[in-house]
Amino acid sequence: MKLVDFGSLNIDHVYSLGHLVRKGETAAAAAYQRNEGGKGFNQAAALAKAGQKVYFAGAVGTDGLFLKENLEKYGVNTEYLEVLDTPTGHAVIQVDDDGNNSIILYGGANRRITKEMIERTLSRFNPGDVLLMQNEVSCGDIILQEAASRGLRVVLNPSPMTPEIMGWPLEQVEWFLVNEVEAEDMTGETEPDRMLDVLRKKYPKSRFVLTLGEKGAVCAFNDRRIYQPAFKTQTVDSTAAGDTFTGYFLYAVLNGTAIDEALCLAARAAAITVSRPGAAVSIPEMEEVLAAGI
């Protein structure tokens with residue numbers, strides 16, 4: 001089984017402030033960092049740090065070649081990553097003293113994915129292989145449909161959530177990994193159990209993980225629901241918490257770990273991630289997660 005993460009790479013410009021900037025306000029940043037990022041990048045890094053062999057597919061500009069190099073340092077195979085003559089996607093991220101964040105995203109090369117690129121990439125994979133995707137690259141509906149038509153198992157993190165996603169062939173998704181905001185947009189519900197009720201009714205063949213921030217996470221499949229509380233830790237930066245959870249959970253379930261144990265492992269990894277600054281750089285290696293006392 002091969003796993004391909006068809007996703008985004010961003011240059012993250014991170015500004016530390018006392019509070020998130022309000023409308024009409026100008027605020028001085030206490031610190032600035034340039035980091036690697038993008039949900040595709042972060043989730044690939046989390047998978048690799050957990051121990052999963054992962055291929056990365058997507059696009060980057062020449063200004064972002066360091067992202068390709070950093071993926072390779074994490075152990076990610078980048079042979080399906082294309083370099084285009086266009087700026088790399090980037091994000092402007094505010095992080096306040098409580099670890100909350102606000103993000104402005106520019107798609108850049110991530111929005112230059114074409115049907116030809118998708119077909120060329122996915123032709124290298126076989127039935128039973130796994131596709132992980134998000135919603136930060138163009139032609140997401142085509143990626144999903146092409147993967148499903150080739151017999152790949154599709155895992156979708158519909159982030160950032162947009163109305164167009166509801167027109168995708170979502171019945172082809174094996175696993176949905178969503179947070180409360182995404183689930184509310186998909187269902188119109190505000191209570192977690194009701195969100196899962198609606199999702200299960202819409203997509204009865206799919207499995208769902210709903211992350212609830214400091215309240216933990218819940219997995220729904222068949223007629224079962226498994227709840228996982230969050231591990232308590234001091235929050236420094238929550239930027240990559242969800243991506244860490246996704247990577248570790250997916251690694252665990254694909255390698256035969258029971259779902260309750262996979263949820264626990266993912267929650268431990270996410271708790272470590274939020275305890276330190278940065279995105280992919282804050283994601284722990286498996287050895288650290290297993291040794292953590294939280």
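The radius of gyration of the Cα set in the range 217-263, together with its Dmax, comes out at 12.0, 37 angstrom.
Long hydrophobic helices in the chain: the complete DSSP H runs spanning 18 Å or more by Cα along their own axis with mean Kyte-Doolittle hydropathy of at least 1.0 are 259-274. Using a Gaussian network model of the chain with C-alpha springs under 10 Å, which one of VAL155, VAL209, VAL21 is most mobile by mean-square fluctuation? Per the Cα network of the chain with a 10 Å cutoff, VAL21 tops the list.
P(r) tail for the range 53-132: Cα pairs beyond 21 Å make up 42% of the total. Holding the Cα-Cα limit at 22 Å, pick out from LYS2/LYS68; LYS39/LYS68; LYS115/LYS205; LYS39/LYS73 the pairs that are longer than that. Too far apart for the 22 Å limit: LYS115/LYS205. Counting only Cα atoms, the size of the range 10-70 along its three principal axes is 44, 28, 19 Å, in decreasing order. If both residues of a DSSP beta bridge must be in the range 130-248, then about 45% of such bridges are antiparallel.
Within the chain, antiparallel bridges make up roughly 40 percent of the DSSP beta bridges whose residues both belong there. Its convex hull of Cα atoms gives the range 30-173 a direction-averaged projected area, equal to a quarter of the hull surface, of 9.5 nm².
Within the shell of other residues whose beta carbon sits under 12 angstrom from the beta carbon of VAL137, the net charge comes to -1, with Lys and Arg scored +1 and Asp and Glu -1. Distant-in-sequence amide contacts of TYR80, defined by a placed amide H-H separation under 5 Å and a gap of 5 or more residues or a different chain, comprise PHE56.
In terms of Cα atoms, the Rg and Dmax of the range 143-294 work out to 15.3, 44 Å. Counting charges near PHE125 (Lys, Arg +1; Asp, Glu -1) among other residues having Cβ under 11 Å from its Cβ returns a value of +2.
A quarter of the convex hull surface defined by the alpha-carbon atoms of the range 1-115 gives 8.6 nm² as the mean projection. Cβ crowding within 10 Å ranks HIS19, HIS90 as HIS19, HIS90, fewest other Cβ atoms first. Each listed q (0.12, 0.17, 0.25 Å⁻¹) maps to a log10 I(q)/I(0) for the range 209-294 from the Debye sum over equal C-alpha point scatterers, namely -0.31, -0.61, -1.29.
Springs join every pair of Cα atoms under 10 Å in this Gaussian network model of the chain, and among SER159, SER275, SER149 the largest mean-square fluctuation is at SER149.
Segment GLU116..GLN33, full-extension length gain: 26.3 nm, with 0.36 nm per residue of separation and the alpha-carbon distance subtracted.
For the chain, a Gaussian network of Cα nodes joined below 10 Å ranks ALA270, ALA27, ALA46 by mean-square fluctuation, and the top entry is ALA27.
Normalised by the number of residues in the chain, the mean separation of alpha-carbon contacts (under 8 Å, six or more apart) gives a relative contact order of 17 percent. Computed from backbone phi with θ = phi - 60° and the Karplus coefficients 6.51, -1.76 and 1.60, the 3J(HN,Hα) list for the range 127-137 is x, x, 5, 10, 10, 9, 9, 10, 10, 10, 10 Hz; x is used for glycine and proline. Could you work out how far the C-alpha centroid of the range 20-68 sits from that of the range 151-203, in angstrom? Cα centroid to Cα centroid, the span is 24 Å.
Divide the volume of the convex hull around the Cα atoms of the range 117-183 by the residue count and you get 75 Å³ per residue. For the range 141-215, the Kirkwood estimate of hydrodynamic radius, built from reciprocal distances between every pair of different alpha carbons, is 12.6 Å. Enclosing the Cα atoms of the chain in their convex hull gives a volume equal to 128 cubic angstrom per residue.
Throughout, read-outs are computed from the coordinates displayed, never taken from laboratory work. All values reported here derive from a predicted model rather than from experimental measurement. No Cβ is skipped: glycine too gets one built from the backbone with ideal geometry, and neighbour counts run over all protein chains shown.
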